[in-house]
Amino acid sequence: MTPVTLSPAGTVRVATAQFFSGEDVTANLAIVVDYMRQAAAAGAKLLVTPENSNRVRTYSSREDCFDKSETLDGDFITGIRAEAATLGIHVVIGVDLRAETAPDVNIAQVLIGPTGDILHVHHKTVFWDYEYTLFTPGTKQLEVIDTEIGRIGMLMCADGIVPEVPRILALKGAEILANSLNSRGPDEMRVHEPLRAIENHVWHIAANTVGGPADGYPWTGGSQVISPVGDILANAGETDEGMVWADITPATSFPKRLRDIGDFDAFRRPELYAELVAPLDSHVVDYGPVASGTPAKPLAVATLQISWYHAQSWTISRAVGQITYAASRGTQLGVFPELFCFAPGEVEADVQAAAALSESVLETLLAATKEAGMWAVVNLVERDTADDGSPRYFSTAYLLSDTGEVFAKYRKAHLGEAERAWATAGDEFVVADTPIGAIGLMIGNEIWMPEIARILTLRGAEVIAHPTSWDRVEAATQAATERTEENRTHLVSTSRTDNPAVLGSQIVVADRFIPGQPVALMRYPTAYVSRTGFEENIFLVVDLMDSHSKMQGFHLDPVGTRNPALYDAFVAPAVTT
């Protein structure tokens, strides 16, 4: 046996295995047991395996699925329990389990402890497309399980391509997310898994099926171990069966401090999230597909990419020029970057002066939008008076109409640590019902908050305008992509030219599902990007009706399949220790 290298104090070694399960359940059990032995030999205390490790889903009907699925006291689970007790390790195994009543089958994960006991069974709550034709979605409350290696939250594949399940588990105190997948999409490894780790500051262990028949659509593997800041500690690749492991420190999931944002609990606003636990029929959003033959609803949008350059007077004159030029290109809605007319650090250095300048800039841009006949979104510093007569300041996104009026404004509700030094948090999310469409407003690092984009979508937003300054590459490539993927709502993110990530602006479009569409596009929406460092615009006509089509496939609506009865943790105090 290969000598075991012991993990440093305070860490635990975890492993993830990827393989393909055929129709022979006994052979599949032998595969899992072999990986369990490899994991134990490597010193791992936890092994995660793919969804339906018991059997490939070659079922002809729900009845056939029921007949060929497992029970907790059947040979497959019993064999794994016995081996776990022999090896003294934890196992999270993906398995399709019969429910009490035929032909219902739950897609499940079973957490087995080092004594062979079943510690928890999770029923997958969100399905990927065809699964709705064979299985029954889970309705059990989401739980976090205390174990000797840490607090484990369990989720499965499509549970993680929407934000609710991993968020709830993190809010309930999970240190480790154990994710069993059966995915053919490259989006899991590249977007969903690392983002759920970052936005929840939690360890994430993902195990996906890999390979399959040579003439079939391959399962994409990519099983990996991810840190709370998104670092990939180990990855098994996208083509071959195998196992990888890494040493993690579960306790470092707390305290939750998000990079460049600060304290997680201070950033969130549970008192504003009541809509997330409201019944599905209480929202104005359209669920499901758009009816065949529905006319298009085109909107010409543009990113007005700019930031402070040389002097404020020059910067402001260029902003007017951006409006004039965009209007000449037929733009109906332009979006400026976050606090674009200020040099980095200028606002916090003298917020009173910043607010005074903002008033002047606002008037200038209102005149420009009126002259151009174009709508625009601009983020400035707003001064207001508190009840006690003292001044207070907001980071405010103004929606300027084509008649030169402030049509709506949104005071940023989620403030990072640096912003809290000068700004007051707003207390209302905004979707403006305008003649050109329903426009939601979001600012800067709120891209890391799945709650706000979800609420804007539930309120019927057709496009979300997002003035920003990317704080890291993943803000654009993962978070912004995900906000559109999980909501099927167009997102226009205009970034400062001097942003820390050195990335350009981006428009992510709500690709409407059509038969034959690649799996990747169903869950990895198209992004149009510009270069950074200079005034380069993106001019794009989006169809707002695409934001009314919430389908990711023939069966999955990631907005309409939400289960608010499981989401009480959104509005409850978080578990932070």
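The values are calculated or read from the model by the stated rules, or taken from the named source; none is laboratory data. Because the structure is predicted, anything quoted here is derived from the model rather than measured. Glycine also receives a Cβ, built like all others from the backbone with ideal geometry; neighbour counts cover every protein chain displayed.
On the stretch given as region 423-442, residues that are within 23 Å of residue 347 (Cβ to Cβ) and either touching a Pro at 6+ places or on another chain (Cβ under 8 Å) or outside any loop (DSSP other than H, G, I, E, B) (or both) total 1. For region 57-171, the helices (runs of 4 or more DSSP H) that sit wholly inside it and include 3 or more residues that are modelled with pLDDT of 95 or more, hydrophobic (A, V, I, L, M, F, W, C) and over 32 Å from the mean Cα position of the chain (by Cα) are 75-87.
Restricting attention to region 213-266, the residues that are under 27 Å from residue 415 (Cβ atoms), of a type in the set (S, T, N, Q) and surrounded by fewer than 20 Cβ atoms within 10 Å (Cβ to Cβ) add up to 1. The number of residues in region 380-422 that are in contact with a Lys or Arg (Cβ under 8 Å, 6 or more places away or on another chain) and not in a loop (DSSP other than H, G, I, E, B) comes to 14.
For region 406-460, filtering for residues that are over 24 Å from residue 194 (Cβ atoms) and polar (S, T, N, Q) leaves 2.
Tell me, please, whether a residue that is closer than 25 Å to residue 545 by Cβ, in contact (Cβ under 8 Å) with a residue 40 or more places away in the chain and of a type outside the set (A, V, I, L, M) can be found in region 357-373. First the steps, then the outcome.
Step one: filter region 357-373 for residues closer than 25 Å to residue 545 by Cβ, giving 373.
Within this subset, residues satisfying the condition of being in contact (Cβ under 8 Å) with a residue 40 or more places away in the chain are 373.
With of a type outside the set (A, V, I, L, M) added as a condition, the list becomes 373.
For region 357-373, residues closer than 25 Å to residue 545 by Cβ, in contact (Cβ under 8 Å) with a residue 40 or more places away in the chain and of a type outside the set (A, V, I, L, M): present.
Looking at 337, 344, 298, can you tell me which residue is surrounded by fewer than 20 Cβ atoms within 10 Å (Cβ to Cβ) and at pLDDT 95 or above?
Working: 337 fails: surrounded by fewer than 20 Cβ atoms within 10 Å (Cβ to Cβ); 344 fails: at pLDDT 95 or above.
Exactly one of 337, 344, 298 is surrounded by fewer than 20 Cβ atoms within 10 Å (Cβ to Cβ) and at pLDDT 95 or above, namely 298.
Hand me the list of strands (runs of 3 or more DSSP E) wholly inside region 496-577 holding 2 or more residues that are more than 22 Å from residue 447 (Cα to Cα) and not basic (Lys, Arg).
Numbers: elements: 506-508, 527-529, 539-543.
Passing ranges, in order: 539-543.
Looking across region 443-481 at every residue that is outside any strand (DSSP E or B) and of a type in the set (S, T, N, Q), the one that is surrounded by the fewest Cβ atoms within 10 Å (Cβ to Cβ) is identified as 477.
Taking the criterion of being assigned to a loop (DSSP other than H, G, I, E, B), on the phi < 0 side of the Ramachandran plot and surrounded by 15 or more Cβ atoms within 10 Å (Cβ to Cβ), would at least one residue in region 307-325 satisfy it?
yes
Tell me the residue from 334, 321, 288 that is in contact (Cβ under 8 Å) with a residue 40 or more places away in the chain and within 27 Å of residue 401 (Cα to Cα), please.
Of the residues listed, the single one that is in contact (Cβ under 8 Å) with a residue 40 or more places away in the chain and within 27 Å of residue 401 (Cα to Cα) is 334.
Scanning region 202-235 for residues that are in a loop (DSSP other than H, G, I, E, B) and either of a type in the set (Asp, Glu) or on the phi > 0 side of the Ramachandran plot (or both) gives 212, 215, 221, 222, 230, 231. Here region 374-400 is the region considered, the condition is being within 13 Å of residue 362 (Cβ to Cβ) and polar (S, T, N, Q), and the residue that is surrounded by the most Cβ atoms within 10 Å (Cβ to Cβ) is 379.
Criterion first (in a strand (DSSP E or B), assigned by TED's automatic domain parsing to the domain that holds residue 505 and either in contact with a Lys or Arg (Cβ under 7 Å, 6 or more places away or on another chain) or touching a residue at least 60 places away in the same chain (Cβ under 8 Å) (or both)) does residue 376 satisfy it? Outline the logic, then answer.
On the way: in a strand (DSSP E or B): yes; assigned by TED's automatic domain parsing to the domain that holds residue 505: yes; either in contact with a Lys or Arg (Cβ under 7 Å, 6 or more places away or on another chain) or touching a residue at least 60 places away in the same chain (Cβ under 8 Å) (or both): yes.
Yes, satisfied.
Taking the criterion of being without any contact (Cβ under 8 Å) to a residue 24 or more places away in the chain, within 34 Å of the chain's Cα centre (by Cα) and either more than 16 Å from residue 236 (Cβ to Cβ) or in the same structural domain as residue 176 (by TED's automatic domain parsing) (or both), would at least one residue in region 2-22 satisfy it? Taking every residue of region 2-22 in turn, at least one turns out to be without any contact (Cβ under 8 Å) to a residue 24 or more places away in the chain, within 34 Å of the chain's Cα centre (by Cα) and either more than 16 Å from residue 236 (Cβ to Cβ) or in the same structural domain as residue 176 (by TED's automatic domain parsing) (or both).
Can you say whether residue 184 is modelled with pLDDT under 95, outside any helix (DSSP H, G or I) and not assigned by TED's automatic domain parsing to the domain that holds residue 515, as far as the supplied structure shows?
Working: modelled with pLDDT under 95: yes; outside any helix (DSSP H, G or I): yes; not assigned by TED's automatic domain parsing to the domain that holds residue 515: yes.
It is true that residue 184 is modelled with pLDDT under 95, outside any helix (DSSP H, G or I) and not assigned by TED's automatic domain parsing to the domain that holds residue 515.
Which ones in region 407-429 are touching a Leu at 6+ places or on another chain (Cβ under 8 Å), under 26 Å from residue 564 (Cβ atoms) and surrounded by 20 or more Cβ atoms within 10 Å (Cβ to Cβ)? Of everything in region 407-429, those that are touching a Leu at 6+ places or on another chain (Cβ under 8 Å), under 26 Å from residue 564 (Cβ atoms) and surrounded by 20 or more Cβ atoms within 10 Å (Cβ to Cβ) turn out to be 410, 413, 429.
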